Amino acid sequence: MTFALTPERDQELEQILKRYPNRMAALIPVLHLAQDQNGWISEEVVEWASRRLDVPPAHVRGVVTFYTLFNQKPVGKHQVWVCRTLPCALRGAGQLLAHCEKKLGIHAGETTADGKITLRTAECLASCGTAPMMQVDKTYHENLTPEAVDALLDELRR
Amino acid sequence: MLKRTDYLTKTYGKPEGWTLGVYERECHGYQTARRVLSTMKKDDVVNEAKKANIRGRGGAGFPMGVKWSFMRPHPTKPAYLVINADEGEPGTHKDRTIMELNPHSVIEGCMIGCYGIGAHVAYIYVRDELHLSKARLWAAIAEAKAKGYLGARPFGVDYPLDVVVHTGGGAYICGEETSLLNSLEGRRGEPRLKPPFPAQAGAFGCPTTVNNLETIAAVPSAFHMGCEAFSKLSAIHHLNDGGVRLFGVNGHVKNPGVWECAVGLTLRELIYDLGGGVLGDKPLFAIIPGGSSTPVLRADELVHAPDEKSPLHPWHGQSVLDVPLGVDTFRGIGTMLGTCCATVLAEGTCPVAAMHNLMQFYRHESCGQCTPCREGSGWLLRITEKILDGRGTMEELDQLHDIANNIMGNTICAFGEGTAMPALGFLKKFRREFEAYVRGEKKKSTDGRLTVDHHDFVGG
Ligand SMILES: Cc1cc2nc3c(=O)[nH]c(=O)nc-3n(C[C@H](O)[C@H](O)[C@H](O)COP(=O)(O)O)c2cc1C
Ligand code: SF4
Ligand code: FES
């Protein structure tokens, strides 16, 4: 199956292209747009982006594999990222991650059997003053307590 | 000297403080850009900027005005201003507050900066995860455009200006300025060899200035009050380290956060007066002064500067906690000011586990272009892990030094030093703790703790 953006997203793509002196510069924002729709960057998305932005597929693949936020395989409906870097670790990020793993019954890097949640660790998310923290999809959750995490995860699994 | 100010942070805490109305009411919003564009010549802007003594807030501390003066008009190519809001350095959480709470200061700063360096477009490179920051910047841009501040004729002046928010894809290395430029161009974020420097060939091969987001956000305030007066707000203006800046503190303090103060605040003031002191009233153990790449300081270190010509001489024999936080002062005590956000470690924190945590970060984030960095960061992690696990030897402890020293100076970008310097810092300052692990006197399971007290997240 070939990939195509929804008409609204395609309009956004046209807006993005206007911001740069060439089409290649739009690649990262455009890949985000495609991933928002598709959940991950499949080979179809790579070929689509290559055609749409006039860059070789190999270049698109090189970019996709370089940046950690591009999913190279399907992931859960929700993305949970627990920051593990030192400032967060000093405030209990280790326990926070262990708590999530136990509650979800998976290890970091895995997806729950119902496909709802992918749990991962993140490197410093610029939220060290409000640690420990995690990012759920596009939202930061800071100064976390076990109760707050439980409520969040329950909500996501519903 | 603790001197809190509110030039960059006046809108913080105000209802809808990020909107144009509040910015215009509270911060003379856009009046400075209007005056600069309508009455000043490009070169005068750069000369004035130099007087502010704004040392780059992104980590290296290069003087902003001097950097602007490297820009030369090119006969055919446009110039660009690129703002670094990648904010990826572990322990750094300041730029985010400006984007979320005072985004208009960034836009106005971009306008003045663009005019000074001869650019018509500014790209603000924001790491993708900061969705709220990006949304606030885009909203500010839309407001400024609606008023005609940004656009074809800002304030009626024939100098078109545009500001664009660009996003990354989750890679710490993209904070390095040439990697950031590659990422902006839609490439892998691999750092470029210098020269050419960005001022010669930066974004899209054109002359480019890369400034940190806080650096540019300070510009409207500096130009509003006069750049020399702004510089003099600092306690160490005489060291060409001027103005006000954001100070952050995180880790084992009671009250982590970000505050704006005159340059020259000390770590003691940051940790105890602003940060509320150490969690659980424990003794202070160690401080990473300005992001994870800046070498760690022990709480009991004293300044050694017997030479009267040394800028540090006035603090000779005093605690490092009482040295003003400045670019050159902190270089003088063997570390770096970095991003000016300090990470505090309380008594009871294991320095071996702390180094292990950081080496995981550097191993994960090396872009892999240079062998000493790619392989070295892996070895540093593996050996530190062995030592922490109680399987390390004294030879391996020495090997850690060799590996780190072999990275220094042998790589394309400063990520290499940023990995080696903190490793060497931990090894030098906490040699005894590392040896205790090797001799089996300490164990990961009982002593390798990073958290203290009941204040931490307790679950599991
Ligand atoms: C590995 C690495 C990561 C960096 N990350 C950042 C960053 O996240 N934000 C930033 O402003 N500067 C970062 N820098 C510094 C930039 O390369 C550059 O010096 C800075 O953006 C220049 O702006 P300034 O002079 O206003 O500080 C990093 C440097 C290195 C070597
Ligand atoms: S020093 Fe490391 S991060 Fe920098 S270019 Fe070389 S491999 Fe990449
Ligand atoms: S270390 Fe977790 S946000 Fe910085």
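Tabulated data for the structure shown
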item: Spin-label pair B:Arg432/B:Lys145, simplified geometry with 7 Å Cα→Cβ offset, distance in nm; result: 6.1 nm
item: Integer Hz, Karplus 6.51/-1.76/1.60 couplings in order for the stretch A:124-135, x for Gly and Pro; result: 1, 9, 6, 10, 5, x, 10, 8, x, 9, 9, 9
item: Å² of accessible area per residue within the stretch A:7-66, as computed with a 1.4 Å probe and no ligands counted; result: 46 Å²
item: Accessible surface, chain B, averaged per residue in Å² (probe 1.4 Å); result: 36 Å²
item: The stretch B:59-120 versus the stretch A:17-88: alpha-carbon centroid distance in Å; result: 26 Å
item: With 10 Å bins from 0: P(r) over the stretch A:7-66, alpha-carbon pairs, percent; result: 24, 61, 16
item: Fraction of the pair-distance distribution of the protein assembly as shown above 39 Å, Cα-Cα pairs, percent; result: 28 percent
item: Against the rule of thumb 2.2 N^0.38 Å, how large the Cα Rg of the stretch A:78-157 comes out; result: 0.97
item: Shielding by other protein chains, B:91-99, mean Cβ within 10 Å; result: 4
item: Within the protein assembly as shown, helix-based [θ] at 222 nm, where runs of 4 or more DSSP H residues each add -39,500 (n - 2.57), nearest 500; result: -11500 deg cm²/dmol
item: Positive-end residue of B:Gly59, A:Leu96, B:Leu274, charge dipole of the protein assembly as shown with Cβ unit charges; result: B:Gly59
item: P(r) of chain B over all Cα-Cα pairs, binned every 10 Å from zero, in whole percent; result: 4, 20, 30, 26, 14, 5, 1, 0
item: For the stretch B:322-339, 3J(HN,Hα) per residue [Karplus equation, 6.51 cos²θ - 1.76 cosθ + 1.60, θ = phi - 60°, Hz, x = Gly/Pro]; result: 9, 7, x, 6, x, 4, 7, 5, 6, 4, x, 8, x, 9, 9, 6, x, 8
item: Members of the stretch B:129-148 that become less accessible by 40 Å² or more once partner protein chains are added (1.4 angstrom probe, chain alone as reference); result: B:Glu129, B:His131
item: Rough spin-label spacing in nm, given labels placed 7 Å along Cα→Cβ, for B:Glu16 and B:Val458; result: 4.4 nm
item: Heavy-atom accessible area ranking, 1.4 Å probe, most first, across B:His364, B:His166; result: B:His364, B:His166
item: Accessible area buried between chains B and A, both sides summed, probe 1.4 Å, in Å² to nearest 100; result: 4300 Å²
item: Unit Cα scatterers, Debye sum, the stretch B:42-161: log10 I(q)/I(0) for q = 0.22 Å⁻¹; result: -1.39
item: Exposure ranking of B:Arg35, B:Arg374 by accessible area [1.4 Å probe, largest first]; result: B:Arg35, B:Arg374
item: Sequence of A:Trp48, B:Trp379 from largest to smallest accessible area, 1.4 Å probe; result: B:Trp379, A:Trp48
item: Pairwise FRET efficiency - B:Asp44 versus A:Glu147, Cβ, R0 = 51 Å, nearest 0.05; result: 0.30
item: For B:Val121, residues with placed amide H under 5 Å, excluding near neighbours; result: B:Leu81, B:Asp162
item: Residues with amide H under 5 Å from that of B:Gly251, placed H, sequence gap 5 or more; result: B:Val344
item: Förster radius 30 Å - calculated FRET efficiency between B:Lys386 and B:His304, Cβ distance, rounded to 0.05; result: 0.35
item: Chain A: Cys lacking any partner C-beta under 4.7 angstrom; result: A:Cys100, A:Cys124, A:Cys128
item: Filter on B:Lys254/B:Lys444; A:Lys77/A:Lys102; A:Lys18/B:Lys145; B:Lys67/B:Lys232; A:Lys103/B:Lys443; B:Lys194/B:Lys429 - keep pairs with C-alpha separation over 23 Å; result: B:Lys254/B:Lys444; A:Lys103/B:Lys443; B:Lys194/B:Lys429
item: Rounded to 5, the percent of DSSP beta bridges in chain B classed as antiparallel; result: 45 percent
item: Approximate spin-label separation A:Arg19-A:Glu101, in nm, with each point projected 7 Å along Cα-to-Cβ; result: 3.7 nm
item: Percent accessible area from carbon and sulfur atoms, chain B, protein chains only, probe 1.4 Å; result: 52 percent
item: In Hz, Karplus ³J(HN,Hα) per residue of the stretch B:104-121 (6.51, -1.76, 1.60; θ = phi - 60°; x = Gly, Pro); result: 5, 5, 5, 5, 5, x, 4, 5, 5, x, 4, 4, x, 9, x, 9, 10, 10
item: Gained length - B:Arg25 relative to B:Asp273, 0.36 nm times residue gap less alpha-carbon distance; result: 86.2 nm
item: Net charge dipole size for the stretch B:49-192 [Lys, Arg +1 and Asp, Glu -1 on Cβ; Debye, nearest 20]; result: 440 debye
item: Protein-protein interface of the stretch A:110-129, residues with accessible area decrease of at least 40 Å², isolated chain reference, 1.4 Å probe; result: A:Glu123, A:Cys124, A:Ala126, A:Cys128, A:Gly129
item: Solvent accessible area, Å² - B:Glu87, 1.4 Å probe, full protein context; result: 10 Å²
item: The stretch B:330-409 shape via C-alpha gyration tensor axes, a/c threshold 1.5; result: oblate
item: Modelled FRET efficiency - R0 25 Å, B:Asn255 with B:Arg449, Cβ distances, 0.05 increments; result: 0.70
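The values are calculated or read from the model by the stated rules, or taken from the named source; none is laboratory data. Not measured: the values here are computed from a predicted model. Positions of Cβ are generated from backbone atoms using ideal geometry, with glycine treated the same way; all protein chains shown enter the neighbour counts. Areas reflect the complete protein model, heavy atoms only, side chains present, ligands, DNA and RNA absent. Shrake-Rupley method; radii C 1.70, N 1.55, O 1.52, S 1.80 Å.
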